[in-house]
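To start, the structure itself, in structure tokens.
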């Protein structure tokens, strides 16, 4: 399954790391475009110049780890597409160019399902997507989330309960499922 990751799911570190951990385990093939990665870097400017520098380093590592994930939309593709926010058309074009099955985004209103279905795509939110993957492959998703949890704990020097960490990362359903499964 090919999944186009919008900038809004790449920018938050915990969300991105859980998604990529699951992808590394073979549950889906991630896709993005250079423009999506650039949006992530620009969003990180909100944290200051250092935030953008860190994001660009993370993007370089991402591109090295996933050399075939970057897709290039065909010339003219964007001109035939329409979305409520024209600034998101490049995301849809990248999903089409990559033959994605799913466009993963937190911005449901910007990507109406009827328009995506016309292009053979389904929109999913990251929490619902990961929860579904957990339902089908609980051990794989739990392992990816646990790796992220341990890293967060090591970096913060503080305990990071899985449910609280996932909730803070806007993955509350996944966090609840992981917490209940561990109990």
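The values are calculated or read from the model by the stated rules, or taken from the named source; none is laboratory data. Fair warning: this is a prediction, and the values are worked out from it, not measured in the lab. No Cβ is skipped: glycine too gets one built from the backbone with ideal geometry, and neighbour counts run over all protein chains shown.
One table, with the values for the structure above:
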quantity: Test: residue in the stretch 119-133 that is over 30 Å from residue 84 (Cβ atoms) and outside any loop (DSSP other than H, G, I, E, B); calculated: no
quantity: Test: residue in the stretch 70-87 that is under 22 Å from residue 151 (Cβ atoms) and assigned to a helix (DSSP H, G or I); calculated: no
quantity: Selected residue (criterion: farthest from residue 3 (Cα to Cα)) from residues of the stretch 109-138 that are touching a helix residue (DSSP H, G or I) at 6+ places or on another chain (Cβ under 9 Å) and loosely packed, with under 12 Cβ neighbours inside 10 Å; calculated: 135
quantity: Where a residue in the stretch 157-173 is under 11 Å from residue 145 (Cα atoms) and its partner, wherever it lies, is assigned to a loop (DSSP other than H, G, I, E, B), with Cβ under 9 Å and at least six apart; calculated: 165/171
quantity: Exclusive hit being under 22 Å from residue 1 (Cβ atoms) and free of Cβ contacts under 8 Å to residues at least 24 places away in the same chain, set 68, 42, 80; calculated: 68
quantity: Filter result for residue 63 (in a helix (DSSP H, G or I) and under 19 Å from residue 19 (Cβ atoms)); calculated: yes
quantity: Filter result for the condition that a residue is surrounded by 14 or more Cβ atoms within 10 Å (Cβ to Cβ), in the same structural domain as residue 95 (by TED's automatic domain parsing) and closer than 22 Å to residue 120 by Cβ, over 20, 62, 10, 31; calculated: 31
